[in-house]
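The values are calculated or read from the model by the stated rules, or taken from the named source; none is laboratory data. All of these numbers come straight from a predicted model, not from anything done at the bench. For neighbour counting, all protein chains shown are included, and Cβ atoms are generated from backbone atoms with ideal geometry for every residue, glycine included. Quick note on the areas: whole protein, heavy atoms, side chains included, nothing else; ligands and nucleic acids left out. Shrake-Rupley method; radii C 1.70, N 1.55, O 1.52, S 1.80 Å.
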Amino acid sequence: FHVTSPVCREDSLVHHNIKGKSFSLASSAIDALYYAREWVARGDPFLLVGPQGCGKETVIDYACSGDRGLELSTFHCDKFTQPSDLLKHIKRKCVLDSAFGGQVYRPRASSKLIIVVKDVDLIKTDEYDTCSTVSLLQFILKYGGFHSNGFVRVERILFAFTINGTFVPGRHLLCKRFTSLLHITAMDCPTGDDLLRICLDLLKKLSIRLPLSDFRALDQCKLATVMKETFEEICNTFPNRLHGESCLFSLRTFCSWVRNLEHYNLDSNPLDCVLHEGLRLFCDPLREGNRRKQVQSILDTSFKKNYGRSILDIK
């Protein structure tokens, strides 16, 4: 793993806009971005390790955004992923040409192609703890091609990989022969300061779009603090992947809480909109009624204490 250094931090990269979509980065993501941009520029394969929703895809998106001739393609893995699935993806995104020394696959619609292999640690291993899909990727990285009625090379294709990094049932360790071919860096969950800064940044961007609404009259620092503290309490109450629940509250969920407010009419009672969106994001994914009541209680208590608004006041 690469050890991040404060020298690598670029605090000016707090807020970005890619393809019309704005986003903010946590401090660990800024460090990962510093390395990812260098690896993309050099065409080196790399692996991002971090919990779900921490911003791994966002880092890769931004790292690739400076090269207009680079196409980004995502390959999603699950426990049933086979080598043939990966080869089909490569063949769909590339064209087979004849070149000196044999046939070669090159990007079909761009000068360079980066294939982001998501959750490569989900692929099921056999009784010998080996994985044929990972073995194929290892062969491509090491020898620059694969066998398909003869050896076929790949050119101008970069691979990036993401894994969760937690040793839980359903996820498997990657073999050292594979990881030794990759640059690796890790991303952490955002800190409380990260959440507060990101929330305040998104709220400011939202208020600029709504110059005449009651939303702009709110104390944005106070609202960001209340939303951050409420989110942290919900996360502490519901650890990730609780007893069969499929939901996972992460930085992605927290950012959606702010971004989705733009779909509401914030001209009046903007706090009701914040409460309603919080209920939708944090209650709807939970199947058990008792857990939904816990989330409702946390939201109700937090906003009643700070603003005197209850979920019963939502119209």
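In the range 280-290, which residues are within 26 Å of the chain's Cα centre (by Cα) and either within 18 Å of Leu312 (Cβ to Cβ) or assigned to a helix (DSSP H, G or I) (or both)? Steps first, answer last, please.
We begin by selecting, within the range 280-290, every residue within 26 Å of the chain's Cα centre (by Cα); these are 280-287.
Across the range 280-290, the qualifying residues are Arg280, Leu281, Phe282, Cys283.
Restricting attention to the range 123-147, the residues that are open to solvent by 40 Å² or more (accessible area, probe 1.4 Å) and either part of a loop (DSSP other than H, G, I, E, B) or of a type in the set (Ser, Thr, Tyr) (or both) add up to 9. Select from the range 208-234 the residues that are within 25 Å of the chain's Cα centre (by Cα) and surrounded by fewer than 18 Cβ atoms within 10 Å (Cβ to Cβ) and write down the one among them that is nearest to Asn164 (Cα to Cα). Among those that are within 25 Å of the chain's Cα centre (by Cα) and surrounded by fewer than 18 Cβ atoms within 10 Å (Cβ to Cβ), it is Glu232.
Filter the range 173-192 down to residues that are out of contact with any Leu (no Cβ under 9 Å at 6 or more places or on another chain), open to solvent by 30 Å² or more (accessible area, probe 1.4 Å) and under 22 Å from Leu281 (Cβ atoms), then give me how many there are.
Here is the first cut: in the range 173-192, the residues out of contact with any Leu (no Cβ under 9 Å at 6 or more places or on another chain) are 173, 175-177, 180, 188, 191-192.
Cutting the leftovers down to open to solvent by 30 Å² or more (accessible area, probe 1.4 Å) gives us 173, 175-177, 180, 188, 191.
Of the ones still in play, those that are also under 22 Å from Leu281 (Cβ atoms) are 191.
Of the residues in the range 173-192, 1 are out of contact with any Leu (no Cβ under 9 Å at 6 or more places or on another chain), open to solvent by 30 Å² or more (accessible area, probe 1.4 Å) and under 22 Å from Leu281 (Cβ atoms).
Looking only at the range 26-84, residues that are within 17 Å of Ile123 (Cβ to Cβ) and in a helix (DSSP H, G or I) come to 2 in all. In the range 55-81, the residue that is farthest from Arg37 (Cα to Cα) out of those that are out of contact with any Leu (no Cβ under 7 Å at 6 or more places or on another chain), loosely packed, with under 14 Cβ neighbours inside 10 Å and not basic (Lys, Arg) is Phe80. For Leu202, the stated conditions do not hold, so it cannot be described as part of a helix (DSSP H, G or I) and at pLDDT 90 or above. Restricting attention to the range 167-183, the residues that are free of Cβ contacts under 8 Å to residues at least 12 places away in the same chain and either touching a Ser or Thr at 6+ places or on another chain (Cβ under 8 Å) or not in a loop (DSSP other than H, G, I, E, B) (or both) add up to 1. Counting the residues of the range 291-312 that are charged (D, E, K, R), in contact with a helix residue (DSSP H, G or I) (Cβ under 7 Å, 6 or more places away or on another chain), in a helix (DSSP H, G or I) and closer than 22 Å to Ser268 by Cα gives 1.
The set of residues from the range 264-289 being buried (at least 20 other Cβ atoms within 10 Å of the Cβ) and polar (S, T, N, Q) is empty.
Condition test on Leu242, is it of a type in the set (A, V, I, L, M), under 30 Å from Lys124 (Cβ atoms) and modelled with pLDDT under 90?
Numbers: of a type in the set (A, V, I, L, M): yes; under 30 Å from Lys124 (Cβ atoms): yes; modelled with pLDDT under 90: yes.
For Leu242, the condition - of a type in the set (A, V, I, L, M), under 30 Å from Lys124 (Cβ atoms) and modelled with pLDDT under 90 - is met.
Among residues of the range 210-239 being outside any helix (DSSP H, G or I) and closer than 29 Å to Asn290 by Cβ, the one that is modelled with the highest pLDDT is Phe238. Scan the range 29-54 residue by residue and report those that are at positive phi and out of contact with any strand residue (DSSP E or B) (no Cβ under 7 Å at 6 or more places or on another chain). Scanning the range 29-54 gives a single hit, Gly53.
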